[in-house]
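The values are calculated or read from the model by the stated rules, or taken from the named source; none is laboratory data. None of the values given here were measured: they were computed from a predicted structure. Counting neighbours? That spans all protein chains shown, and the Cβs are built from the backbone with ideal geometry, glycine included.
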Amino acid sequence: MAIKYLGVNRFFHNRLDAQKLYQETGSLISASFCSVSAQFCGKSLFFTPNGTYDTNRRLVLSTLASNVSSRDGYYNVSVGEGPERIYALGLCIPGSDPKLCSDCIQPVSLALLQNCPNQTDSYQWGIKTMLCLVRYSNHSFFNSLNLQPVLKLCSPMNITGNVTEFNRIWANFMEDMITTLAASTSYERRHYAAKASHPIGLQRIYALMQCIPGVSVVDCESCLRQSVLKSLENCSGRKGSKIRRPTCFFRWEFYSYYGAFVDTDSSPPPNPQGPQFLPPNATENAIDGTNMSTRTILVIVAPAAIIVVLLALGFAYWKRIKSFKQMKLKPDDDITNSQPLRYDLKTIEAATNNFSGNNKLGEGGFGVVYKGTFPDGTEIAVKRLSITSRQGLQEFTNEVNVLLKLQHNNLVELLGYCLEGEEKILVYEFLSNKSLDVFLFDTMNQRQLDWTKRYNIIEGIARGILYLHRDSRHKIIHRDLKVSNILLDADMNPKIADFGLAKIFAMEQTRAETSKIAGTYGYMAPEYRMHGQFSMESDIYSFGVLVLEIINGKTCSSIYQTDGTSCNLVTYAWRLWRKGLALELMDSTFEEDYQSEKVDRCIHIALLCVQENPADRPNLSTIISMLTSSQITLSIPNKPGFYVHSRRLEAEGLKLFGTNSSLSINDDVSVTLV
């Protein structure tokens with residue numbers, strides 16, 4: 001990616017002016033020169049001003065500040081189709097004040113609009129009172145490692161004293177920070193660390209590291225290590241530096257900044273004796289009986305020390321990469337020899353009180369789910385697969401391998417697994433509100449799901465599927481989207497669960513076929529049920545059924561009377577919509593507390609998703625745009641899949657959709673009829 005740096009050179013006669021500008025703007029300063037401004041505008045691809053791409057860009061950037069600040073400091077989005085599609089990302093420090101985050105994102109977005117008038121790929125780290133990132137492109141970068149271009153920003157002030165000893169302490173501290181960041185299991189503070197060192201003389205090192213959340217741990221480490229090495233190469237002996245890349249940010253100073261160090265702990269002292277610095281005013285040292293100036297010693301020793309530090313960091317990085325490669329699970333690997341996320345059976349038994357019936361959360365064809373609590377108080381959900389399940393090990397291995405590759409707010413988080421003897425156990429984050437069906441289909445709980453909550457659930461599910469289909473490092477087809485596989489956290493935010501049937505596609509792959517039909521019939525797309533063909537479009541069909549259920553408050557197996565015949569939910573919704581009576585599909589518990597235009601629009605979108613021809617179904621990016629923007633015109637839906645045409649087919653339809661049993665296909669795959 002070719003990028004240009006927009007800057008204005010200025011000569012400083014006063015070092016204090018240079019230091020002040022460095023602290024306030026983070027401008028590049030070398031000797032007495034500095035560069036001001038920090039927009040990086042692509043120079044290899046351009047768009048036509050006021051064209052579709054520019055319109056999409058202005059729309060996204062104009063709302064980015066509010067979206068980032070209202071979503072815990074991170075938001076990514078894509079708008080448009082084909083070459084006009086724009087991908088944008090906004091990021092602030094985890095846990096930052098929403099107003100401060102917005103006040104950082106807003107001027108950065110405006111600066112990119114003004115200073116990058118027709119470039120399709122641009123970004124900027126805002127680094128004044130708050131750290132934030134805004135980037136947009138015509139290709140997806142949310143999960144990609146981009147090391148170039150890099151901007152080096154060095155303090156104009158020199159370190160006094162023993163620079164060699166300081167570089168050693170500094171390198172050890174940075175290595176400790178990267179290791180700690182990589183080992184962190186906190187999703188809220190993923191790929192972020194801010195830490196103050198133990199006192200070094202009368203000062204501390206304040207360092208901050210951050211990567212965009214979508215990249216892997218290995219890629220984040222790679223970006224940060226490259227930045228630490230770049231700081232050593234270009235800013236050795238200076239009192240601070242800032243290294244900015246499209247994927248990560250690294251900064252260190254002798255003072256705190258961004259309000260990021262209020263709750264940080266100091267690291268343990270790197271040397272029990274404390275660092276031994278030369279006196280700042282010393283002019284001579286005795287070596288081998290001769291007097292040498294401090295400057296002469298530094299000229300001799302500093303380059304050698306830097307080489308040693310670079311070699312040490314390089315070796316540590318190589319070992320880290322090697323260990324991650326050894327730990328990584330592949331789709332067909334035998335996970336019995338894998339190290340990450342593994343618990344022993346005794347730990348799980350203790351957490352669940354020996355799988356006590358009092359801890360039981362639910363049960364299905366796969367086995368039983370229990371609530372558990374680790375000794376540190378962490379609550380977990382334990383999925384114990386049935387020992388008699390013939391497909392258990394395959395599903396178990398598949399779910400571990402898939403979930404290890406994924407992390408998103410709208411996907412359930414896999415904490416670990418246990419594989420001992422015949423026991424196959426998955427350990428997830430605990431979600432207090434269980435699954436969506438517990439509320440949606442229960443007359444006592446339905447009223448807790450008002451229209452606003454249901455709409456947010458619909459949007460959250462859509463974003464989760466979009467991540468699976470397009471924004472993760474792997475294209476994932478879920479194949480079993482249904483209400484019981486949508487879990488709810490304490491705030492009723494949805495999380496997609498149960499990846500036992502999920503399939504990983506190559507990025508260029510569009511569909512696959514199987515003779516082993518697996519899933520739940522009421523949610524199956526026609527092409528999958530009849531021909532074993534599954535794709536992103538088959539997941540979208542299932543999503544459409546989900547949306548109709550969420551609005552209606554009844555299962556897709558419920559029987560409806562219309563036009564003198566009985567029919568299923570999909571047929572009933574389409575017939576009502578054709579008559580202009582779509583709002584009659586609504587759950588009666590809404591009463592007057594709903595937005596009729598939004599409800600009608602969601603039903604319309606759901607009917608587009610369940611069309612018989614997969615090519616007629618919109619993709620998830622378009623669906624999210626339809627949900628969030630009333631300005632997008634919706635096309636007229638065609639006849640849905642599994643449309644009940646007559647009384648003769650009605651009987652077959654009722655038999656198919658109205659049964660609660662299990663059907664065995666090819667002896668080893670279970671299909672649920674709801």
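The table below lists the values:
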{"item": "Neighbours by Cβ (under 6 Å, 6+ apart or cross-chain): first from the range 359-375, within 14 Å of Leu431 (Cβ to Cβ); second at pLDDT below 85 and not hydrophobic (A, V, I, L, M, F, W, C)", "result": "Val369/Gly362"}
{"item": "Test: residue in the range 521-537 that is touching a His at 6+ places or on another chain (Cβ under 9 Å), among the small types (Gly, Ala, Ser) and crowded, with 22+ Cβ neighbours inside 10 Å", "result": "no"}
{"item": "Any hit, the range 179-198, residues being in a loop (DSSP other than H, G, I, E, B), surrounded by fewer than 22 Cβ atoms within 10 Å (Cβ to Cβ) and in contact with a Phe, Trp or Tyr (Cβ under 6 Å, 6 or more places away or on another chain)", "result": "no"}
{"item": "Test result for Ile517, modelled with pLDDT under 90, among the β-branched types (Val, Ile, Thr) and either under 34 Å from the mean Cα position of the chain (by Cα) or part of a loop (DSSP other than H, G, I, E, B) (or both)", "result": "yes"}
{"item": "Subset of the range 372-426 (residues that are modelled with pLDDT of 80 or more, touching a strand residue (DSSP E or B) at 6+ places or on another chain (Cβ under 8 Å) and over 30 Å from Gly73 (Cβ atoms))", "result": "Gly372, Val382, Lys383, Arg384, Leu385, Tyr417, Cys418, Leu419, Glu423, Lys424, Ile425"}
{"item": "Residue check, Phe254 surrounded by fewer than 19 Cβ atoms within 10 Å (Cβ to Cβ) and under 26 Å from Thr160 (Cβ atoms)", "result": "yes"}
{"item": "Residue in the range 133-145 that is crowded, with 22+ Cβ neighbours inside 10 Å and more than 30 Å from Gly82 (Cβ to Cβ) present", "result": "no"}
{"item": "Filtered residue count, the range 440-486, keeping only those that are under 18 Å from Ile551 (Cβ atoms) and either in the same structural domain as Tyr75 (by TED's automatic domain parsing) or among the β-branched types (Val, Ile, Thr) (or both)", "result": "8"}
{"item": "Test set (1) over 14 Å from the mean Cα position of the chain (by Cα); (2) modelled with pLDDT of 95 or more - Asp491 fails condition number", "result": "(2)"}
{"item": "Answer residue from the range 536-586, given it is out of contact with any helix residue (DSSP H, G or I) (no Cβ under 8 Å at 6 or more places or on another chain) and free of Cβ contacts under 8 Å to residues at least 12 places away in the same chain and is nearest to Arg470 (Cα to Cα) among those", "result": "Arg578"}
{"item": "Flag for Ile504 being in a strand (DSSP E or B), within 26 Å of the chain's Cα centre (by Cα) and hydrophobic (A, V, I, L, M, F, W, C)", "result": "yes"}
{"item": "Number of the exception - Thr589 against (1) at pLDDT below 90; (2) in a loop (DSSP other than H, G, I, E, B)", "result": "(2)"}
{"item": "Top-ranked residue of the range 202-233 - restricted to ones that are free of Cβ contacts under 8 Å to residues at least 40 places away in the same chain and out of contact with any Asp or Glu (no Cβ under 9 Å at 6 or more places or on another chain), ranked as nearest to Gln148 (Cα to Cα)", "result": "Cys220"}
{"item": "Filter pass, Arg575 being surrounded by 13 or more Cβ atoms within 10 Å (Cβ to Cβ) and in contact with a strand residue (DSSP E or B) (Cβ under 6 Å, 6 or more places away or on another chain)", "result": "yes"}
{"item": "Any hit, the range 451-458, residues being more than 24 Å from Glu592 (Cα to Cα) and not in a loop (DSSP other than H, G, I, E, B)", "result": "no"}
{"item": "Any pair with Cβ under 7 angstrom, 6 or more apart, that starts in the range 594-617 at a residue that is part of a helix (DSSP H, G or I) and ends at one that is basic (Lys, Arg)", "result": "Leu608/Arg617; Cys609/Arg617"}
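Here is a yes/no grid of residues against (1) farther than 24 Å from Lys383 by Cβ; (2) touching a Gly at 6+ places or on another chain (Cβ under 6 Å):
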site: Met492; (1), (2): no, no
site: Lys495; (1), (2): no, no
site: Gln533; (1), (2): yes, no
site: Tyr541; (1), (2): yes, no
site: Asn552; (1), (2): yes, no
site: Ser557; (1), (2): yes, yes
site: Tyr560; (1), (2): yes, no
site: Asp563; (1), (2): yes, no
site: Leu576; (1), (2): yes, no
